[in-house]
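Report on one structure; see the data block that follows.
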Amino acid sequence: MGFKSFEMKFITTLLMFALFGNNVFAQTDLDDLLETRWILNLQDGSVPVEDLVQLNFVTVDSPITEGLRMQLRYGGLTFKPNGLLIVHVWNKCGTGNPPNHYDAHWELITNTENTVLVISDTHQWEGKYFVQFVSPDLLKLSRIE
């Protein structure tokens with residue numbers, strides 16, 4: 001390969017990075033999403049989840065969860081294979097013995113530019129999210145409005 005050809009590929013790669021951010025280079029292993037209980041890392045508990053645009057999750061065993069309010073620490077999401085989503089809820093509110101989770105659904109839509117997570121059958125998490133980053137201990141989403 002000549003220098004001109006290398007130079008053109010390098011410039012094209014830089015342009016792609018500038019246009020699409022790190023999604024082009026940092027292909028995330030979406031298997032890290034599955035079978036992990038994800039806890040919303042929200043230090044300011046006064047903001048309703050439905051109003052958040054950027055959502056950062058940590059795993060249930062992360063030391064960060066110790067500082068979260070109980071509704072977040074004992075809540076969370078677990079993505080199961082075949083589109084089943086377990087929505088964990090904190091149920092220690094004196095209303096008897098309600099279930100500590102309910103079932104919802106999820107789907108990933110992937111193209112060359114983005115990965116979109118679609119969550120349905122739940123009022124709190126309902127919607128579409130760009131998957132910004134996923135690793136074994138961190139999940140970053142941004143809500144599509």
Inset, instruction - Of the conditions (1) at pLDDT 75 or above; (2) not polar (S, T, N, Q); (3) not in a loop (DSSP other than H, G, I, E, B), MET8 clears all except one; give me its number. - result: (1)
Legend entry - strands (runs of 3 or more DSSP E) fully within region 37-122 counting 2 or more residues that are in contact with a Lys or Arg (Cβ under 6 Å, 6 or more places away or on another chain) and free of Cβ contacts under 8 Å to residues at least 60 places away in the same chain: 76-79, 115-120
Inset, instruction - Scan region 90-106 residue by residue and report those that are out of contact with any helix residue (DSSP H, G or I) (no Cβ under 7 Å at 6 or more places or on another chain) and either modelled with pLDDT of 80 or more or closer than 24 Å to TYR129 by Cβ (or both). - result: ASN100, HIS101, TYR102, ASP103, ALA104
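The values are calculated or read from the model by the stated rules, or taken from the named source; none is laboratory data. Predicted, not measured: the structure shown is a model, and the values here were computed from it. No Cβ is skipped: glycine too gets one built from the backbone with ideal geometry, and neighbour counts run over all protein chains shown.
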